[in-house]
Amino acid sequence: MRQLSAAGQLQWGTARAAKQDISVARDFLRHLSERGKPPSQCGQADIDHWLATGPTTRSMARTFVRWAVRNRHLPRLEFPYRKAATRPVLDQNERLRLLRETVENQDRPLHHRAAAVLLLLYAQPLTRIAGMRHDQISRTEDGETVVVLDDQPVPVPHPFDDILQQHLAARPNMNAAANRASPWLFPGYRPGQHLHPGHLMTKLRESGIHLLGARNAALRALVLLMPPPVAAQALGYSTKITEQHAKQAGNTWATYASYRRR
């Protein structure tokens, strides 16, 4: 994290995950203390009890336990790796309802609606949305609005193009003299910085959007419309991720070669 910070590449999500790892490690040590065990006397039964009697977030202590074992602060123990049983995915009808509300509910701040469009249409994580630059959205000579999410422009259908164009024309937090030339699509409250992802997360959750479920639903819908490699290139995802979603959606694009020839 120090190296990323020095290079100006430390992301909010990385720091947040590290904080949570530390918090869970602290709770694990408190758990041992309550059982009358110093770390050097921790046994496999203590690990199993820790995992069986609390929330799934307790599995995040694995990072700390592996480090402690490697550095001989704990005996050699097994700490299983937890895999999520399912991916939360919104029903397609629910996703469409949220998109309709995004268009129709003009009482919501415009920049919240623009962020919702990028999440619900293009499966973009809010950490990535918050860091987008305003020149990633433009209008072609034909009057079509496009957004560049990776390395190629993706068309924005109507009426969502109007929301993005209106947001571009009235970006928030632009009144400060130091912020008038802000390159960010979502300028932050501090001059020169983009809006904090946590702000967007809170506001979209308050509007009733299940963030991860909405993103997975959007990605699943998109890989049903195009081959996973094309979706990956257009949306800024790895091909492995888009292929997993295509498989879970029941579409493996086995006819991709013939599709390309046509």
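Coordinate-derived values only; no laboratory data. Since the structure is predicted, the reported quantities are computational estimates derived from the model, not experimental observations. Neighbour counts run over all protein chains shown; Cβ positions are idealised from the backbone, glycine included.
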Handout entry: Trp184 long-range amide H proximity, modeled H, under 5 Å
Key = His134
Practice task
Take the Cα radius of gyration of the stretch 1-120 and divide it by 2.2 N^0.38 Å, with N its residue count; two decimals is plenty.
Solution key: 1.55
Exercise for the section: Before anything else, pin down the relative contact order of the stretch 62-141: Cα pairs under 8 Å, at least 6 apart, normalised by residue count, whole percent. Expected result: 16 percent
Completion exercise
Residues Lys37, Lys19 in order from fewest to most other beta-carbon atoms within 10 Å are Lys19, Lys37
Problem - Length gained when the stretch Arg100-Thr53 is fully extended (0.36 nm per residue, less Cα-Cα span) - result: 12.7 nm
Exercise for the section: Compute the distribution of all C-alpha to C-alpha distances in the chain, in bins of 5 Å from 0, and list the percent of pairs in each, rounded to whole numbers. Expected result: 1, 5, 10, 13, 14, 13, 12, 10, 9, 6, 4, 2, 1, 0, 0
Completion exercise
Length-normalised contact order of the stretch 15-83, Cα under 8 Å, at least 6 apart, in percent, tallies to 37 percent
Exercise for the section: Please give the contour-minus-distance gain from Gln92 to Arg76: 0.36 nm per residue of separation, less the Cα-Cα distance, rounded to one decimal in nm. Expected result: 1.1 nm
Handout entry: the chain - mean residue ellipticity at 222 nm from DSSP helices (-39,500 (n - 2.57) per run, n ≥ 4, rounded to 500)
Key = -15500 deg cm²/dmol
Exercise for the section: Would you mind classifying the stretch 15-83 by shape? Square roots of the alpha carbon gyration tensor eigenvalues, ordered a ≥ b ≥ c; an a/c under 1.5 is rounded, otherwise it is prolate if a/b is larger than b/c and oblate if not. Expected result: rounded
Handout entry: Normalised contact order of the chain, rounded percent, pairs of Cα under 8 Å and 6 or more residues apart
Key = 17 percent
